[in-house]
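The values are calculated or read from the model by the stated rules, or taken from the named source; none is laboratory data. This is a predicted model, so every value here is computed, not measured. Every residue, glycine as well, gets a Cβ built from its backbone with ideal geometry; the counts of neighbours run over all protein chains shown. Each accessible area value is taken on the protein alone, full model and side chains, heavy atoms only, with ligands, DNA and RNA left out. Shrake-Rupley method; radii C 1.70, N 1.55, O 1.52, S 1.80 Å.
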Amino acid sequence: MASESITPVASPASCPTPLGPPVAVRLEDAWVSYDGTPVVQGVSLRAPRGTSLVILGPSGAGKTTLLKTMNGILRPTRGRVEVLGVDLSSSRDLRGLRSRIGYIPQDLGLVDSLTSLENALMGHLPRMGVVPSLLRRFAPVEVAAAEDALHRVGLGERVHRRVHQLSGGERQRVAIARALVQRPELLLADEFVSDLDYVQAREVMDLVTRLRREMQMTLVTIQHEVDIARDYGDLVVVIKGGRKVAEVYPRDLDPGVVTRLFGNGNGR
Amino acid sequence: MAAPAAAAAVNGEPAPGLGRGLRNNLLLSLLLVLLLVSAWNTGSDPLRLARGLPNLWVLAGEMLPPDPALLGTALAAMAETLQIALLGTFLGLLLSLPLALLASRNLYPRWVVVPVRGLLALVRTVPSLLWAVFFVIVVGLGPFPGVLATALYSLGYLGKLHYEAIEAMEPSAHEALAAMGATRLQVIRYVVLPQVAPHLVSQALFMFEYNVRASAILGFVGAGGIGFYIMGYLGQLQYNRVLTFLLVVLAAVLLIDWASLRIRDRFTLASTGSRQRR
């Protein structure tokens, strides 16, 4: 699959970054393997701070692996991965770095039996001492911050609802609120709107974009839908067969380009 | 045999392989042989049972009517049995939880998991009655060795059931929290325990039900409870008194099963929004 030849629409070299340094995420010739099989093969990319980088590609392209490499869940077997100024290949303090990175997995990673507020409060855990956190001793200011985050994502009326009682869109918002409570410098989100309908997906993406700007946070999302990638990314990196096949500005992601990349006009 | 195979081939389905059918027949034959050998070695003879059936009527005649004068004693002894089961289950649950966490492959490395699982397997291998004999020797007669035996037996079983539940948990929330920089203890506190809590409660109640029944015979070896009286009256061939105690055990077990189902149902409904199947 790596040998499939698709001419890059614009190479990193020919596609100058819209914003200059500093950079939140920088990958240089990164290779990641599962059980000796390379899943990500020589990917280089950079996400300037405060921007929205969209990783687009078909299923099984290695997008999730790439995202997990950015917060150190997976380590590169070759190449260099630098996130928020920390070199992941050599750093031993991954917990410290991870506390600065929000992460929303594809199935959101919520605890269904707990309330929205309890889930949102988990955003504080990386910065809390072990004993107070185990005793659930959240300071009033921390509870207020979690409640505020839930209000900001439009769940003010659902603060004490258990997550299993919420709709798909509301669950998405709880996951976003949890990430907001963490106050991350970088938010990694893995196809977190893929289960929503068109309108809901756009509502959630509008919300995330607004919050990203307010909090001056860098956003790296994996998207399946070309339309979402085009409308919500500052830069789009296209991954196929574990390799980066293109890096384009959203405005350049026209139907012709999509057809050349995916054959069917869609990321799926 | 040929007709279904042909029909399957006509329908486009692959015909069942001859080797597979042969293997199934061999397995069935082996099972049949094992059953016959077991019946022979254990003297399981239906005719013998038929010949013995009249004894059942004799025994029933001797058991009836139950002796109401012993009802107070039976209730007090049953209360002691319930206390043995309650305390034993609670201690077993308390001890099983940390061990189950340490035995979960999705939480701890192999060098921790393997020895802890070995310990749980060892504890589980010995039946509670044998543990009771052991503790009667160690701490003497009475309900206390019964509590210890019940606790140890519960520890072995609940430990296994809990680590299986923890490993079957959806990994997403665990992964999300760890990716945010939470510690392992925080992950256990905020993800693992809330997710497996309904399972823990359900299994603990099942264990309690089981322990009530098991504790009823711990008295046979001097470990307290209603079994002490049942054994005593059986030895004196006072079957009507035995029946009084057995009826109290039956009533207690039915009551506890009913209450336990209600509690489990309510707890599962509150925490997951879905009612348990019955």
- Please list, in chain and number order, the residues 5+ apart from A:ARG49 or on another chain whose amide H is under 5 Å from its amide H, with Hs placed from the backbone. A:VAL23, A:ALA24
- Task: Rank A:PRO76, A:PRO48, A:PRO22 by mean-square fluctuation in a GNM of chain A with C-alpha springs under 10 angstrom and give only the top-ranked residue.
- Result: A:PRO22
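Using Stokes-Einstein with the Kirkwood hydrodynamic radius over Cα pairs, what translational diffusion coefficient do you get for segment B:85-277 at 10 °C and a viscosity of 1.306 mPa s, in µm²/s rounded to a whole number?
Numbers: Rh = 18.2 Å.
The calculation lands on 87 µm²/s.
With +1 on each Lys and Arg Cβ and -1 on each Asp and Glu Cβ, how big is the dipole of chain B about its Cα centre, in debye rounded to the nearest 20? Can you show the working numbers first?
Working: 19 positive and 12 negative charges, 88 e Å.
So the dipole magnitude of chain B works out to roughly 420 debye.
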- Using only Cα atoms, tell me the angle between helix A:198-215 and the longest principal axis of chain A; keep it within 0 to 90° and round to the nearest 10. 80
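For segment A:136-180, rounded, prolate or oblate, judged on the Cα gyration tensor with a ≥ b ≥ c (square roots of eigenvalues), a/c < 1.5 rounded, else prolate if a/b > b/c?
Prolate, because a/c is 1.5 or more and a/b exceeds b/c.
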- Can you give me the P(r) profile for segment B:198-260? Cα pairs, bins 5 angstrom wide beginning at 0, each as a whole percent. 4, 18, 22, 21, 15, 9, 6, 3, 1, 0
- Message: Let's test the formula: R0 of 45 Å, r as the Cβ-Cβ distance of B:VAL33 and A:THR37. What FRET efficiency results, to the nearest 0.05?
- Response: 0.45
- Message: With angles folded into 0 to 90 degrees, how steeply does helix A:140-152 sit against the dominant principal axis of chain A? Use alpha carbons for both and round to 10.
- Response: 50
- What residues qualify as long-range amide H neighbours of A:LYS240, i.e. H under 5 Å apart, gap of 5 or more or another chain, H built at 1.01 Å from N? A:VAL245
- Query: So what's segment A:162-268 giving for Rg/Rh, alpha carbon basis, Kirkwood Rh from the mean inverse pair distance?
  - Reply: 0.99
- Query: In straight Cα distance, which lysines are under 29 Å from A:LYS244, not counting same-chain residues fewer than 8 positions off?
  - Reply: A:LYS63, A:LYS68
- Item | Cα radius of gyration and Dmax for chain A (Å) | 18.5, 57
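Give the carbon-plus-sulfur fraction of the accessible surface of chain A in %, rounded to a whole number; probe 1.4 Å, heavy atoms of protein chains only.
Answer for chain A is 49 percent, counting heavy atoms of protein chains only.
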- Sort all Cα-Cα distances of segment B:142-183 into consecutive 5 angstrom bins from zero, then give the percent of pairs in each bin up to the one containing the longest distance. 5, 19, 13, 14, 12, 11, 9, 8, 5, 3, 0
- In chain B, whole DSSP H helices that both stretch 20 Å or further along their axis by alpha carbon positions and average at least 0.5 on the Kyte-Doolittle scale are B:18-41, B:71-102, B:110-125, B:239-272
- A:VAL199 and A:THR77 label points (each 7 Å along its Cα→Cβ direction) are spaced in nm at 4.7
- Please give, to one decimal in nm, the separation of the simple spin-label points placed at B:ASP265 and B:ALA76, each 7 Å out from Cα toward the Cβ. 3.6
- Both in Å, the radius of gyration and Dmax of the C-alpha trace of segment B:77-163 are 13.9, 46
- Item | chain A, relative contact order in percent, only Cα pairs under 8 angstrom and at least six apart counted | 29
- Simple SL model, points at 7 angstrom along Cα→Cβ for B:GLU62 and B:ASN240; separation in nm is 1.4
- Note on the structure: Treating every alpha carbon of segment A:16-128 as one equal point scatterer without solvent, the Debye formula yields log10 I(q)/I(0) values at q = 0.11, 0.16, 0.20 Å⁻¹ of -0.42, -0.85, -1.18
- Computed over segment A:42-100, Kirkwood Rh from alpha-carbon pairs, angstrom: 12.5
- Relative frequency of Cα-Cα separations exceeding 40 Å in the protein assembly as shown, percent: 47
- Could you check which residue among B:LEU102, B:LEU129, B:LEU56 shows the biggest mean-square fluctuation in a GNM of chain B with a 10 Å Cα cutoff? B:LEU56
- Task: Go through segment A:95-133 and flag every residue whose accessible area shrinks by 30 Å² or more with all protein chains in place compared to the isolated chain (probe 1.4 Å).
- Result: A:ARG95, A:ARG98, A:TYR103, A:ASP107, A:GLY109, A:VAL111, A:SER113, A:MET122, A:LEU125, A:PRO126, A:VAL130
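What is segment A:113-268's relative contact order, in percent, from Cα pairs under 8 angstrom and six or more apart in sequence? It would help to have the intermediate numbers written out before the result.
Working: 177 pairs, mean separation 29.0, N = 156.
It rounds to 19 percent for segment A:113-268.
Total accessible area buried between chains A and B, 1.4 Å probe, in Å² to the nearest 100?
Details: alone 12160 and 17110 Å², together 27070 Å².
The A and B chains share an interface burying roughly 2200 Å².
Would you calculate, for chain A, the mean residue ellipticity at 222 nm contributed by helices, counting each DSSP H stretch of 4 or more residues as -39,500 (n - 2.57) and dividing by all residues, to the nearest 500?
Here the helix-only value at 222 nm equals -9000 deg cm²/dmol.
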- Label point 7 Å out from B:ARG105 along Cα-to-Cβ: which residues of segment B:171-185 have amide N under 17 Å? B:171-172
- Enumerate the amide H contacts of A:VAL39 below 5 Å, restricted to partners 5 or more residues apart or on another chain; note that Pro and chain-start residues carry no placed amide H. A:VAL32, A:SER33, A:TYR34
- Query: For chain B, modelled as a Gaussian network with Cα springs under 10 Å, which listed residue fluctuates most, B:ALA151, B:ALA50, B:ALA77?
  - Reply: B:ALA50
- Given a 1.4 Å probe, the accessible area of segment A:50-179 per residue, as a whole number of Å², is 38
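For A:ARG210 and A:ASP254, calculate 0.36 nm times their separation in residues minus their Cα-Cα distance, and state this gained length in nm to one decimal. Don't skip to the end; give the middle numbers.
Values: separation 44, 0.36 × 44 = 15.84 nm, distance 2.48 nm.
Between A:ARG210 and A:ASP254, full extension yields 13.4 nm more.
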- Message: Give the separation of the Cα centroids, segment A:148-178 to segment A:23-99, in Å.
- Response: 29
- Any chance you could give the angle, 0 to 90 degrees and rounded to 10, that helix A:168-181 forms with the longest Cα principal axis of chain A? 80
- Task: Tally up the carbon and sulfur contribution to the accessible surface of chain B as a whole percent, 1.4 Å probe, everything protein left in place.
- Result: 72
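Averaged per residue, what accessible area in Å² does segment B:85-277 show with a 1.4 Å probe, protein chains only? If you can, show how the numbers build up before the last one.
Numbers: 8950 Å² over 193 residues.
Spelled out: the 1.4 Å probe surface of segment B:85-277, per residue, equals 46 Å².
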- Over the residues of segment B:134-232, compute the C-alpha Rg and express it relative to 2.2 N^0.38 Å. 1.50
